[in-house]
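Report on the following structure.
The values are calculated or read from the model by the stated rules, or taken from the named source; none is laboratory data. Remember, it's a predicted structure, so these values are computed and weren't measured experimentally. As a convention, Cβ positions derive from the backbone with ideal geometry for all residues, glycine included, and neighbour counts pool all protein chains shown. To get the accessible areas, we keep the full protein, side chains included, count just its heavy atoms, and leave off ligands, DNA and RNA. Shrake-Rupley method; radii C 1.70, N 1.55, O 1.52, S 1.80 Å.
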Amino acid sequence: MTQNSASKLLNGDALHRTKQDKKAGGNGFVKNRCLFQQKRYRRPAEKNHHASCTLLYKKTFVESFEETPLLVAVLTYMGYGILTIFGYLRDFLRDWKFEKCHLAREREEQKDFVPLYQDFENFYTRNLYMRIRDNWNRPICSVPGAKMDLVERVTPDYNWTFEHTGNVLKDVINMGSYNYLGFAENTGTCADAASECTVKYGVGVSSTRQEIGNLDKHKELEKLVARFLGVESSMAFGMGFATNSMNIPALTGKGGLILSDELNHVSLVLGARLSGSTIRVFKHNNMQNLEKLLRDAIVHGQPRTHRPWKKILILVEGIYSMEGSILRLPEVIALKKKYKAYLYLDEAHSIGALGPRGRGVVDYFGLDPSDVDIMMGTFTKSFGAAGGYIGGKKELIDYLCLHSHSAVHATSMSPPITQQIITSMKCIMGEDGTTLGQERLCQLSENTTYFRRRLHEMGFIIYGNNDSPVVPLMLYMPAKIGAFGREMLKRNIGTVVVGFPATPIIESRARFCVSAAHTREMLDKALNAISEVGDLLQLKYSRKNRHGSEGTDCFSFLESHQD
């Protein structure tokens, strides 16, 4: 992980011996984040901190991040080293025209101009990414629901270009889309309502909200979102990425301080940079580190002048989509209140996917929505649509209506997309007169628990919280990134694989997204294929007990090692 072992221990991690009961070391432990019943020596202040944190939670909060085996880490570094050496060798051959380079490069007569392309920056793309490029950007030709159809393609030049064969891979089980509640569909109530809305309003608005693009559907959506979130008011935007990147600069500027989680999405990072505020990064989900930054900000103020910060804004996410971890929101709110900071919560992946009513991480922990100053989320995942929203006090929304770049300059949300969100949200809230929404929430929870438990039992290392529908399965070695994606597709399973630089260099992974639309039969087929490919590629790295360990990993150790 991005945190070292020492910082994770200070953040409430418990270390557990492996099945072989080896000595303490970098490859002999399983780390489970658990805030409860830990019996180990602490300084008095630290002990009081953990005791107070325990009172903030109404249920257990356990996240598993098993240590990378030492041998696997060494072999992974060796793999990247070998690829780098061969990459430089191939670049040498390209410079001497022994090998053709397909990437855009400067012409000889343009060498004296300011360069458009940086050859060194493209080194990774040329020599590492291009070898496994066939695992990404696969074209689909159907609804991306529980199953999908993929357009078959081949490459004559080692992934530099692709050609379509004309064949279609039918009924590929989709384990990669963020279709958490299964609303990405072309039949049913949502599709019918969106179709009727298209006939009445058309597809595009061709204007901004401040001009003549402010439809009654937009107002209806915003009132519904406010009721759904439990806030005074809300505002909808046509693009989820821009909801972050274009609104954060409207909320803070020069003289302000942004405290950002190190694993925040790039849209949050871009918004923070565009704001002109000072940015300080805290370790992922590490409340001690966040509190230290808050305390230092209060004590020392701005650099050089030591004047108080005009505003301190904490940027966090509900579910971190690459780790599968859930924000420790009760502790963040406690720190925010203690140090009089503002909280910006991005619920892109958690809204609709967490909580007994599907209302995100706030609902998951049973907290008051008014404790979160700015509630942001997207409609692109659980609602099967597009766009994003910001919710909060009426004064906040009135301010954004005038100062948000997305509100002033961007085209309004498409009417059929607006209707898709309205219909799906009413379904989740039960306002459509059915229990379909609640059934989907329950099904997603069941599927998530089942899928994670089976992968644990098989011996894979998976990251994140037990309740997170985002399930990262660790691959580590660069050669296994491409091999896993290809082998899974051979078995008619569509997956997403991720590697450096999107993840730390030794933590390449496959990322599965569980959906309420997945049946048990689909999950079993996917799990059998994962197990088969795991045996083929030797991916079952876990040192935990492979059967019956899901519920006992954290607590059985604690009970047997009381001080």
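Ordered from largest to smallest accessible area (heavy atoms of protein chains, 1.4 Å probe), the residues M78, M413, M522 come out as M78, M522, M413. Normalised by 2.2 N^0.38 Å, with N the number of residues, the alpha-carbon radius of gyration of segment 189-429 equals 1.01.
With one equal scatterer per alpha carbon and no solvent term, the Debye-computed log10 I(q)/I(0) for segment 334-487 at 0.14, 0.15, 0.19, 0.20 1/Å reads -0.91, -1.00, -1.24, -1.29.
Listed options for semi-axes √(5λ) of the Cα gyration tensor in Å are (i) 36, 29, 24; (ii) 71, 32, 20; (iii) 34, 33, 28. The value calculated from this structure is the one marked (iii). Each residue was assigned an accessible area with a 1.4 Å probe, and for H300 the value is about 100 Å². A simple rule links phi to the HN-Hα coupling: the Karplus curve 6.51 cos²θ - 1.76 cosθ + 1.60 with θ = phi - 60°, which for segment 495-510 gives 10, 10, 10, 9, x, 4, x, 5, 10, x, 4, 9, 10, 5, 7, 9 Hz, with x for Gly and Pro. Restricting to the chain, what percent of DSSP beta bridges are antiparallel, rounded to 5? Expressed as a percentage, antiparallel bridges in the chain total about 65.
For segment 130-287, with all protein chains in place and a probe radius of 1.4 Å, 53% of the accessible heavy-atom surface sits on carbon or sulfur.
Calculated mean residue ellipticity, 222 nm, the chain: -12000 deg cm²/dmol, from DSSP H runs (n ≥ 4) at -39500 (n - 2.57) each, averaged per residue and rounded to 500. Excluding ligands, DNA and RNA, the accessible surface per residue across the chain is 46 Å² with a 1.4 Å probe.
DSSP bridge analysis restricted to segment 189-429 gives an antiparallel fraction near 40%, rounded to the nearest 5. Ranked by the mean number of other Cβ atoms within 10 Å of their residues, highest first, the peptides 320-329, 502-511, 381-390, 127-136 fall in the order 381-390, 320-329, 502-511, 127-136. Both radii come from the Cα set of segment 63-219: Rg as radius of gyration, Rh as Kirkwood radius; their ratio Rg/Rh reads 1.12.
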